[in-house]
1. So which lysines pass the test for Lys200, namely a Cα distance under 26 Å, with those fewer than 8 places away in the same chain ruled out?
2. List the equivalent ellipsoid semi-axes of the stretch 47-124 in whole Å, largest first, each obtained as the square root of 5λ for an eigenvalue λ of the Cα gyration tensor.
3. Could you please report the charge total around Leu411, scoring K, R as +1 and D, E as -1 over all other residues with beta-carbon less than 15 angstrom from its beta-carbon?
4. For the stretch 256-358, what % of the accessible area comes from carbon and sulfur atoms, probe 1.4 Å?
5. Of the listed peptides 62-72, 421-431, 278-288, what is their order by residue-averaged count of other C-beta atoms within 10 Å, with the highest listed first?
6. Going by average Cβ density within 10 Å per residue, which order do the peptides 177-185, 94-102 take, highest to lowest?
7. Can you give me the accessible area per residue for the stretch 352-420, using a 1.4 Å probe, in Å²?
8. Based only on the alpha carbon positions, what is the Kirkwood hydrodynamic radius of the stretch 119-265, in angstrom?
Amino acid sequence: MHNLAPSPGQGKRDSDGSEQGGPAGTAGSGEDGGVPYAFLIVTLVGAVAVVLAYRPIRREPFTVLSFTCGWIAGELAFQNIVWQVAAAALFISFGALSNWAGWLGLAVAVADWVGLIGLGIAGHRAARVTAAALAEVRGAAFPVPTAPTAPTWGRWWRVTRAIPFRSRAVRVTRNIDYWGDGNRRHRLDVYQSRLAPPGKAPVMVYIHGGAWMIGEKREQGKPMMYELVARGWVCVAINYRLSPKATWPDHIVDAKRAMAWVKEHIDDYAGDPSFVAVSGGSAGGHLCALLALSAGDPTFQPGFEEADTTVQACVPFYGVMDLTSSPDGAAIFGPGLRKMLEKRVMKCEESEHPELFRDASPTYRVSAGAPPFFVLQGVNDTLVPVESARVFVERLRSVSRQPVAYAELPLAQHAFDVLASLRCQATTSAVADFLVAVRAAVGAAEGPVPPSPRILSDVESAPEL
């Protein structure tokens, strides 16, 4: 007779011949069999982002990926810890620690959280970097406040939320046509405080970035503009024509035309046309610096050559300061970005028209008559490497009669001022204090008054998007 007893590790068989689960089928299988491996994969993805935040890849075609991962990890460090801890708890509840893969995933996750804490601390310490930058230009003729003024949105619950929200105290007049031709790219928005006292307020014009090809006035610069409005400023965010439809110098011509409109009409919005600062990030940083250094250049003001486009201060964030491939500058473009610039923006090769690229580069526009500058740049920026800012600042300082402050932010990627992060809080405070000194130095007014209790209270009340 055959032995019908099941052998060790073999399940019993039903009458239809199917085998029931036995001891051999319980380890690493079943409904949670893939959970440990999924947990490991998720933690490895998070770890890659953290590693790229510390050690970004600066070679094409990985620069954009490196930027994205490093930016999310660096500016949202503490938020990332919160959701990763929650995700880890969920995975563990579904059996992620049932085998070696899950335990390895947990070890990776813990290392990831330690790295994120380091990134968060670096963001918090940006306040020391900006304070040191301002200390270098502080003097009797340029009275930068010695005690940094914390932003009105600087409470931890606002910082950790990260998204910049607009207070109900901020009134926005949208889509003003600054050219009068009906083109939607020739529009600007004016931001004012509903609670500002009567009188003419200083003005900040913000130019968005996006590689001269994408972007919109409602997307960038919000933390800084909201803070300045809370301090009584009037802020203006502009659009301009974009490539590939637009061809250089359309972009800077539009920025100049918008500035001319501000000088002519901002007093209708309680702004002071005698004190206008300009700022922007990335391509916007390039445009704002070029605008500040080329006042009255007829090449960039066709048809409105006599219009006033001077500014009293310039604050470029991670701006593209050199569009050339000259070895004596800080050529930042790899083959891919160089091809994009030549094919879609300039629509000519640099070898054919080198003067066009040079005239478009703020690095080669520096002069003794430049307005005060505050340049801010991330050390880990993979889209606009830090060398570009260093060369620009060195050359500007060598000739300018005005202060040139420079903050080089450790571990900061591109676009570090877009979200209301700890690093953004530090740079926003520093920019506001720099502008206080500029106003006092040029004598346009007695200087911005800190927000009144009423304004501060309303800014910190229930916000609107």
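1. Those lysines meeting the cut-off are Lys217, Lys222, Lys256, Lys263.
2. Gyration-tensor ellipsoid for the stretch 47-124: 25, 15, 10 Å.
3. Surrounding charge for Leu411 is +1.
4. 50 percent
5. Result, highest mean first: 278-288, 421-431, 62-72.
6. Peptide ranking by packing, descending: 94-102, 177-185.
7. 34 Å²
8. It works out to 17.4 Å.
The values are calculated or read from the model by the stated rules, or taken from the named source; none is laboratory data. Predicted, not measured: the structure shown is a model, and the values here were computed from it. Methodologically, a virtual Cβ is constructed for each residue, glycine included, from the backbone with ideal geometry; neighbour enumeration extends over all protein chains shown. All accessible areas refer to the heavy atoms of the entire protein, side chains included, with ligands and DNA or RNA removed. Shrake-Rupley method; radii C 1.70, N 1.55, O 1.52, S 1.80 Å.
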